[in-house]
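Asker: I'd like to ask you about the structure that follows.
The values are calculated or read from the model by the stated rules, or taken from the named source; none is laboratory data. Owing to the predicted nature of the structure, the values given are computational and were not obtained by experimental measurement. Virtual Cβ from ideal backbone geometry, glycine too; neighbours counted across all protein chains shown. The area values use the complete protein model at the heavy-atom level, side chains included, leaving out ligands, DNA and RNA. Shrake-Rupley method; radii C 1.70, N 1.55, O 1.52, S 1.80 Å.
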Amino acid sequence: MDFRIKRRATLFGAVALLAATSFVPAFAQDKPVLRFSAVFSEQDIRAEMMKQFGEGVAGFATLEPYYGGNLFKQGTELVALQRGNLEMGNIAPQDVSNQIPAWSVLTSGYLFRDAAHLRAFFDSEVGAEFKKMAEDQLGIRILGPTYFGIRQVGLRGDKAIKTPADMAGIKLRMPGGDAWQFLGTALGANPTPMAYAEVYTGLQTGAIDGQDNPLPNVENMKFYEVMDQIVLTSHLVGYDLLVISKAAWDKLAPADQEALQAAATAAIDFSQDKHVAREAELLEKFKADGLNIYEPDVASFRANAQKLYLESELAKSWPEGVLDKINAL
């Protein structure tokens, strides 16, 4: 008799424990996991951005970040989002333009003046139109642009550069691809494709006269050791897009959608401010290292570049009047 009572008590306790332990995961399962993929490293400022974002959404979602292209390689994140294999990503605007040709205008040189102009565009009515294109045609919701620096020209020698005409004959390393080579031409230079890993040696040996990169890249790759000057051409504002798949977005309650967007905006603000401050610090560092820092006539560079873009095949897919609208922001 005692055995039966003890057995019954043991079974009751086991059932109660099972009920209690199965009750907790029910809540956890209601909290969606947002897998995030990016090619930048865990040491990048934007990884700090995502940590802040994760804390901002922790009340209703769990951010699961993957850095260094460990989950999806660069250029494959957008397709992963579209196939439902990924919830969030930091994707290049060029990847969007590959599927929506009208977006190619947002990858052109001398479109955005600085980080503030970039943000003003995405917060504007015309920016909303481009975001809607991405949502309707690609199934992604753009939370905002993640700024990572402005590309500047670094050169060997100390030739004064004021206008595109002064760049004539300069062998300027540009990334491979027609769009990048076109940008080099728009700067007035003789664009030369070269692998990123070969740029230091190329500058050192004189195989190229210069390169273009955001200042943090110049520091990371130590290009400043084999350069004599930096020309602040500010020809391309570097940015990616923090996005969430529309499928993942639509599963969130309206209040959680609002909170997620607010967390994204705050995190992007944090990252942008840190990048802008870092660029200013690096300018002072490079001056102290003995490099000459020159400010050319940027307006003449912009006018020349935009004229060439509008005359090219690249502009045929651009919405009519969009360049004027963006310039006016």
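Asker: Of Met167, Gly321, Ala255, which is farthest on the positive side of the dipole of the chain, counting Cα position, with +1 on Lys and Arg Cβ, -1 on Asp and Glu Cβ, and the Cα centre as origin?
Answerer: Of Met167, Gly321, Ala255, it is Ala255.
Asker: Okay, next question. If you restrict to DSSP beta bridges whose two residues both lie in the chain, what percentage is antiparallel, to the nearest 5?
Answerer: Taking every DSSP beta bridge with both residues in the chain, the antiparallel ones total about 60 percent.
Asker: Beta carbons within 10 angstrom, averaged per residue: use that to sort the peptides 44-52, 177-185, highest first.
Answerer: 44-52, 177-185
Asker: Compute the Kirkwood hydrodynamic radius of segment 140-209, taking the inverse of the mean of 1/r over all pairs of distinct Cα atoms, and give it in Å to one decimal.
Answerer: That comes to 13.5 Å for segment 140-209.
Asker: When the chain is modelled as a GNM with alpha-carbon springs shorter than 10 Å, which of Glu198, Glu219, Glu42 fluctuates the most?
Answerer: Fluctuation is largest for Glu198.
Asker: Connecting C-alpha atoms closer than 10 Å in a GNM of the chain, tell me which of Ala197, Ala207, Ala115 has the biggest fluctuation.
Answerer: Sorting by GNM fluctuation, first place goes to Ala197.
Asker: Which entries of Lys73/Lys287; Lys51/Lys285; Lys274/Lys325; Lys162/Lys287; Lys251/Lys274; Lys285/Lys325 have Cα-Cα distances beyond 26 Å here?
Answerer: Violating the 26 Å Cα-Cα cut-off are Lys73/Lys287; Lys51/Lys285; Lys274/Lys325; Lys251/Lys274; Lys285/Lys325.
Asker: Right, something else. Please report the carbon-and-sulfur percent of the accessible area for the chain; probe 1.4 Å, protein heavy atoms only, DNA, RNA and ligands left out.
Answerer: 55 percent
Asker: Another question about this same structure. What are the GluC sites (Glu not before Pro) within segment 220-327 that DSSP puts in a loop, where the Cβ has at most 13 other Cβ atoms within 10 Å?
Answerer: Qualifying residues, ordered by number: Glu320.
Asker: Return one whole number: the accessible area per residue of the chain in Å², for a 1.4 Å probe.
Answerer: On a per-residue basis, the chain sits at 49 Å².
Asker: Over what distance in Å are the Cα centres of segment 245-292 and segment 308-323 separated?
Answerer: Measuring centre to centre over Cα atoms gives 29 Å.
Asker: Once you charge only the Cβ atoms, +1 for Lys and Arg and -1 for Asp and Glu, what is the size of the charge dipole of the chain about its Cα centre, to the nearest 20 debye?
Answerer: Around 1120 debye, computed over the chain.
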